[in-house]
Amino acid sequence: MNHHYTVLDILLVLARYALALAVTIHVLRTKRDTAASTGWIGIAWLMPLTGAALYVMFGVNRVRRLARKLIGSHQWDGRGALVQHREQVDGQFAPLARMLGRLTERPLLGGNVIQCLHDGDNTYPVMLAAIDNARQSVLLCSYIFRADEVGNRFIEALANAQARGVRVHVLVDGIGSGYFHSGVASALRRRNIACHRFMHSLWPWRMPFINLRNHRKILVVDGRVGFMGGLNIGEENMLRLRTKLPVADTHFRIEGPIVHQLTEAFARDWSFTCQEELDGEIYFPQLDSVGNIPMRIVTSGPDNDLEKIEFAMLQGVALARRSVRLMTPYFLPDERLTSELCLAALRGVEIDIIVPGSSNHRLIDYARDANLAPFLDAGCRIWMAQPPFNHAKLLVVDEDWSFVGSSNIDVRSLRLNFEINMEVYDKDLAQELIAFIDRHRHGRLTHHTLDSQSGMVKLRNAAVRLFMPYL
């Protein structure tokens, strides 16, 4: 049989090999995860044209490249005014404090105070009062910011602040606050308030950004008063409104030098989104000591902060001697965090994990249930909290170290999302959070509970668990 190859055929074959080779080289140079690397290389050689296109869309981390390009021109770090507030930790958690200092390149700052606030009913009035008292600047970032009754109160407060001459900047997520249409962004822009949607694009070649969400919740007023935690802005967070699916949550009001790091985190996200630098005294004033609590902001995301929040959790659990209390709305830890928690339980640390009996994402509940047996085998205690669904993200180790913020315990939060947490070295806050967490230890999950599930339910849960990185 005679085979006649045209020049075009030869060029196409060469192009396929060239594309597969180019993807392979890029993967080998940039990817750390061996499973992901093997998968991309396999796809590239099996389907050179389609595989290369998919890799360009979903495999290349353009976020990190953009962040590195922008970060060199900014001068947020190393302000001399904060040197006097740097703290050192002695004793059990000294290795943790040193590690996080090196990992985040942010100092542990003393001289702070913190107030724990629960649910929108108690938190929103305090946040709105802070905005009403603003004199120079308001920085607001929220994953979900609805244009409903609650959201409109914030819109009015922001508009009134701007009318007083306050510089107002609002950043909302391109997915969480509406993908095809963002009511709050439209409402703010109609009032000429600077509002941007984080990594939002309808262009096909930017579609991988749909996976990368800014899940941070930040409010900073005049560079002096800050709020952060798990609370979004919407009616469902007001329990007294008795919405169809009410959401309980926990947020924190902070004052002191730590607010500088909160402002810095917002400024980086703002610059990343719209290439505008926020600097000067109206955003970064001189901050004096107002208390005695050491704190540090820890950010993570697929830019330059990859996995830093998870590393903080891993080190905190590794140093635990007596107890670990963990409260999260979604519990789908990866193998590293699973192993660390189980090892702590096996060496005698009391591990209490509190999750909702039913969250607002049923698929996540299915995957979670398929992932709980190893924790029970190791001796961890797992508790199912009764409604309303609690969205708080809290970790307390040995009644001393607290780690709070926006990050859930799942692969999406710890690897893909832009998140913000805060470590706090304060026994009083730890005791307050422990009491709150313990009040939600409603029903204990046992092996019998899992074993009593039907075969079809177990099969369904195991199948959903395969999609853990995308839930």
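Laboratory data are not the source of any read-out in this text; all were calculated from the coordinates shown. Just so it is clear, the structure is predicted and the values come from calculations on it, not from any experiment. Please note: Cβ atoms are built from the backbone with ideal geometry, for glycine as well, and neighbour counts cover all protein chains shown.
Please sort through the DSSP H helices of the chain and keep those with an alpha-carbon extent of at least 24 Å along the long axis and a Kyte-Doolittle average not below -1.0. Numbers along the way, then the final one.
On the way: long enough: 7-30 (34 Å, 1.72); 258-274 (25 Å, 0.17).
In the chain, the long hydrophobic H runs are 7-30, 258-274.
Could you compute Rg(Cα) / (2.2 N^0.38 Å) for the chain, with N its residue count?
Here the Cα radius of gyration is 1.04 times the empirical estimate.
Which net charge results when you count Lys and Arg as +1 and Asp and Glu as -1 among the other residues whose beta-carbon is under 12 Å from that of I175?
Numbers: positive: R197, R213, R412; negative: D173.
Here the count lands on +2.
Can you tell me the order of 398-406, 372-380 when each peptide is scored by its average per-residue count of other Cβ atoms within 10 angstrom, highest first? Provide the component values of the computation, followed by the final result.
Details: 398-406: 23.0, 372-380: 16.4.
Order by mean packing, descending: 398-406, 372-380.
Counting only other residues whose beta carbon sits under 13 Å from that of A44, what net charge do I get with K and R as +1, D and E as -1?
Numbers: positive: R16, K31; negative: none.
The answer is +2.
Can you pull the one-decimal nm distance between simple spin-label points at E399 and L103, each 7 Å off the Cα toward Cβ?
Each label point lies 7 Å from its Cα, and together they span 2.6 nm.
Using the beta-carbon distance between H447 and R362 and R0 = 25 Å, what value does 1/(1 + (r/R0)^6) give for FRET efficiency, to the nearest 0.05? Mind dumping the intermediate values first?
Numbers: r = 23 Å, r/R0 = 0.92.
Efficiency computed from Cβ-Cβ geometry: 0.65.
Across every pair of different alpha-carbon atoms, what Kirkwood hydrodynamic radius in Å does segment 142-291 reach?
Numbers: mean 1/r = 0.0611 Å⁻¹.
Computed over Cα pairs of segment 142-291, the Kirkwood hydrodynamic radius comes out at 16.4 Å.
Kindly provide the trypsin sites (Lys or Arg not before Pro) of segment 243-321 that DSSP labels as loop, not H, G, I, E or B, and whose Cβ sees at most 10 other Cβ atoms within 10 Å. Mind showing how you got there, number by number?
On the way: sites: K244, R253, R268, R296, K308, R321; in loops: K244, R321.
Of the trypsin sites (Lys or Arg not before Pro), the ones in loops of segment 243-321 whose Cβ has at most 10 other Cβ atoms within 10 Å are K244.
Say R0 is 60 Å: what FRET efficiency, to the nearest 0.05, do S289 and T243 get from their beta-carbon distance? Walk me through the numbers on the way to the answer.
Details: r = 41 Å, r/R0 = 0.68.
Working from the Cβ atoms, E equals 0.90.
Kindly state, to the nearest 0.05, the FRET efficiency for H181 paired with L466, given R0 = 41 Å and r defined as their beta-carbon distance. Mind dumping the intermediate values first?
Numbers: r = 33 Å, r/R0 = 0.80.
Computed FRET efficiency for H181 and L466: 0.80.
Take peptides 408-418, 131-141 and line them up by average Cβ neighbours within 10 Å, highest first, as a rough protection proxy.
Values: 408-418: 22.4, 131-141: 20.3.
Going by the mean number of other Cβ atoms within 10 Å, highest first, we get 408-418, 131-141.
Please compute one quarter of the surface area of the Cα convex hull for segment 249-346 and express it in square nanometres.
Values: hull surface 35.4 nm².
Mean orientational projected area (segment 249-346, Cα hull): 8.8 nm².
So for segment 384-440, averaging the separation of alpha carbon pairs under 8 Å that are six or more residues apart and normalising by length, what relative contact order in percent results? Please report the intermediate quantities before stating the final value.
Working: 63 pairs, mean separation 20.8, N = 57.
Averaging sequence separation for qualifying contacts and normalising by length gives 37 percent for segment 384-440.
Among 218-224, 443-449, 278-284, what's the highest-first ranking by average C-beta atoms within 10 angstrom per residue?
Working: 218-224: 23.0, 443-449: 12.4, 278-284: 16.3.
Ranked from most to least packed, the peptides come out as 218-224, 278-284, 443-449.
In the chain, how many lysine pairs have Cα atoms under 26 Å apart, counting only pairs 8 or more places apart or on different chains?
Count of close lysine pairs: 12.
Any idea how far the Cα center of segment 8-25 sits from the one of segment 289-342, in Å?
44 Å
In square nanometres and to one decimal, what's the mean projected area of the convex hull around the Cα atoms of segment 315-454? The partial results should precede the final answer.
Details: hull surface 32.2 nm².
Seen from a random direction, the Cα hull of segment 315-454 projects 8.1 nm² on average.
Only helical DSSP H runs with n ≥ 4 go in: add -39500 (n - 2.57) per run for the chain, normalise by residue count and round the 222 nm mean residue ellipticity to 500 deg cm²/dmol. List each step's numbers first, then the result.
Details: 16 runs with 184 residues, N = 471.
After summing the helix terms and dividing by residue count, I get -12000 deg cm²/dmol.
Length gain on complete extension for the stretch A435 to V56, per 0.36 nm per residue less the alpha carbon to alpha carbon distance? Show your work: numbers first, answer last.
On the way: separation 379, 0.36 × 379 = 136.44 nm, distance 4.87 nm.
In short, 131.6 nm is gained.
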